[in-house]
Amino acid sequence: MILKVQRSDPATRRRDFSHYDVKVRPGMTVLSALFHVQDRLDPTLAFRYSCRGAVCGACAMLINKVPRLACRTQLRALIEGRDRIELKAFPALGDAGAWNPGREVLIEPLPLLHVVKDLVVDMRKFFMHYRLVKPTFQSPGGAPNREQRLDPSVVKELEPYTNCVLCAACYSACPVDEGRPNYLGPAALAKLYRFAADPREGQEPARLETANQPDGWWTCEFHANCRKVCPKGVTPNLAIGAARNRLKELGKAPQPGTDDGAQSTECEVQTAECRVQSAEYEAESHGPGAAEPEIAPAIAVPTPLPAPVVPLPAEEPSEQEGVVQSSAPEEPRTAGQPPAESATSEPPALAWDLTTTFREPQPEPDTDAAETDSETEIPQEPA
């Protein structure tokens, strides 16, 4: 099996493809194959990973033209065509070119995000939109005095939207995100609906108003790519539809002939800030002569810790003098003046000894008890 991996040089901004011949083992994932390439074939390959258990979302990439998590995508299923996902095509997915799905696995970085190096993308734009919706629980009256119970039906409605791992697969699969860069995106809107529908907050109208603006709820075109690619089964399209219906019930739907919802002053400020940040991001990422941003952590195998420094033994006393010799000359003294005490310099501070630092302290022997035991005769029992 051939891994066809897109490579990019941050210095020259040149992009091409590298081909790696990998023997597929049972249960081998795309992430396992990338580790094999990095360890044995090409140590310069850069990609992002963390948990390897589909929990962190760090290893999302475009695999066979579908945004997926590399750690849960089986190579055998890709080669045999058992894991096909049909998406609404859009230009950002790119042209497959000379690619044989029967014997090649095509691996590219996520679209719609700036490529830092190889398969590593800059996630700042995604998280900028995500933070705009304030994705944390806002308790109306401060910390509650007791546990707040939820009806099981409410839990069933909210639970799917709590499973998001922020991998940006839905964001990169959305055709609307390509045409409207300031669109909040499926992940941010799904998280916003999760808190709007939470009765413990009791702020549903205010939460819905946050995205009742240009590039908010009403921008979605319901291509459903987000639902198809989500590795945790989140359905942003259903959340957006439910939010639209609720806004219509509240009488805050857009007027006929307009494509954007009513907008509050706070929303206008947030939208303006988001657009300014997006413009700065695009200028920094794609502008002429722009410097490449630093690569995020966990791109490759973590750097091993340096070997512990073993301290040198203390200098032994001189056999002739019985003290440590000093390099400083002895100061002259007058007749009848007692000799000065021999200056014994303190040994230099030793490096941290990792071999002994964590050793459990041993109890000091009780010398008195030992002497008593040796002097006391234990009487013999009669036979």
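Remark: residue 246 falls outside the filter, which requires a residue to be part of a helix (DSSP H, G or I) and within 18 Å of residue 175 (Cβ to Cβ). You will find that of 62, 3, the residue that is under 23 Å from residue 114 (Cβ atoms), in contact (Cβ under 8 Å) with a residue 60 or more places away in the chain, surrounded by 14 or more Cβ atoms within 10 Å (Cβ to Cβ) and of a type in the set (A, V, I, L, M, F, W, C) is 62 and no other.
When the residues of region 177-207 are filtered to those that are over 27 Å from the mean Cα position of the chain (by Cα) and aliphatic (A, V, I, L, M), the one that is farthest from residue 157 (Cα to Cα) is 206.
Can you pull out every residue in region 39-57 that is hydrophobic (A, V, I, L, M, F, W, C) and part of a helix (DSSP H, G or I)? Let's see the steps before the verdict.
Start the filter on region 39-57 by keeping residues that are hydrophobic (A, V, I, L, M, F, W, C), which leaves 41, 45-47, 51, 54-56.
The one that is hydrophobic (A, V, I, L, M, F, W, C) and part of a helix (DSSP H, G or I): 41.
Candidates 77, 70: the one that is under 18 Å from residue 31 (Cβ atoms), modelled with pLDDT of 95 or more and hydrophobic (A, V, I, L, M, F, W, C) is 70.
When the residues of region 192-208 are filtered to those that are touching a helix residue (DSSP H, G or I) at 6+ places or on another chain (Cβ under 8 Å) and in a helix (DSSP H, G or I), which remaining residue is modelled with the lowest pLDDT? Ranking the qualifying residues of region 192-208, first place goes to 204.
Within region 6-33, the set of residues being part of a strand (DSSP E or B), within 22 Å of the chain's Cα centre (by Cα) and either farther than 23 Å from residue 95 by Cα or not hydroxyl-bearing (Ser, Thr, Tyr) (or both) comprises 6, 7, 29.
Matching residues to (1) farther than 15 Å from residue 62 by Cα; (2) in a loop (DSSP other than H, G, I, E, B):
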site	(1), (2)
101	no, yes
107	no, no
135	yes, yes
146	yes, yes
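Annotation: of all residues in region 226-247 being under 20 Å from the mean Cα position of the chain (by Cα) and among the aliphatic types (A, V, I, L, M), the one that is surrounded by the most Cβ atoms within 10 Å (Cβ to Cβ) is 234. Assessment of region 178-191 against the conditions (assigned to a helix (DSSP H, G or I), within 21 Å of residue 162 (Cα to Cα), modelled with pLDDT under 95 and basic (Lys, Arg)) yields no matching residue.
Can you say whether residue 70 is farther than 20 Å from residue 165 by Cβ and among the hydrophobic types (A, V, I, L, M, F, W, C), as far as the supplied structure shows? The answer is no for residue 70.
I'd like the full set of residues that are assigned to a loop (DSSP other than H, G, I, E, B) and either on the phi > 0 side of the Ramachandran plot or in contact with a Lys or Arg (Cβ under 7 Å, 6 or more places away or on another chain) (or both), limited to region 58-76.
58, 59, 64, 65
Would you call residue 117 in contact with a strand residue (DSSP E or B) (Cβ under 9 Å, 6 or more places away or on another chain) and at pLDDT below 95? It is true that residue 117 is in contact with a strand residue (DSSP E or B) (Cβ under 9 Å, 6 or more places away or on another chain) and at pLDDT below 95.
Residue 36 meets all of the listed conditions (1) within 21 Å of residue 178 (Cα to Cα); (2) modelled with pLDDT of 95 or more; (3) not in a strand (DSSP E or B) but one, namely (1).
Kindly indicate whether any position in region 164-172 is closer than 28 Å to residue 56 by Cα and more than 20 Å from the chain's Cα centre (by Cα).
Our first condition is that a residue be closer than 28 Å to residue 56 by Cα; within region 164-172, this holds for 164-172.
Remaining after also requiring more than 20 Å from the chain's Cα centre (by Cα): none.
Scanning region 164-172, I find no residue that is closer than 28 Å to residue 56 by Cα and more than 20 Å from the chain's Cα centre (by Cα), so the answer is no.
Candidates are the residues of region 102-114 that are touching a helix residue (DSSP H, G or I) at 6+ places or on another chain (Cβ under 8 Å) and of a type outside the set (Val, Ile, Thr); the one that is modelled with the lowest pLDDT is 102.
Check 144, 140, 111 and return the single one that is of a type outside the set (D, E, K, R), surrounded by fewer than 14 Cβ atoms within 10 Å (Cβ to Cβ) and in contact with a Gly (Cβ under 8 Å, 6 or more places away or on another chain).
Of 144, 140, 111, the one residue that is of a type outside the set (D, E, K, R), surrounded by fewer than 14 Cβ atoms within 10 Å (Cβ to Cβ) and in contact with a Gly (Cβ under 8 Å, 6 or more places away or on another chain) is 140.
The residue of region 151-177 that is surrounded by the fewest Cβ atoms within 10 Å (Cβ to Cβ), among those that are in contact with a helix residue (DSSP H, G or I) (Cβ under 8 Å, 6 or more places away or on another chain) and in a loop (DSSP other than H, G, I, E, B), is 166.
The values are calculated or read from the model by the stated rules, or taken from the named source; none is laboratory data. Worth saying up front: this structure is predicted, and the values here are computed from it rather than measured. A quick note on method: Cβ atoms are made from the backbone with ideal geometry, for glycine too, and the neighbour counts reach across all protein chains shown.
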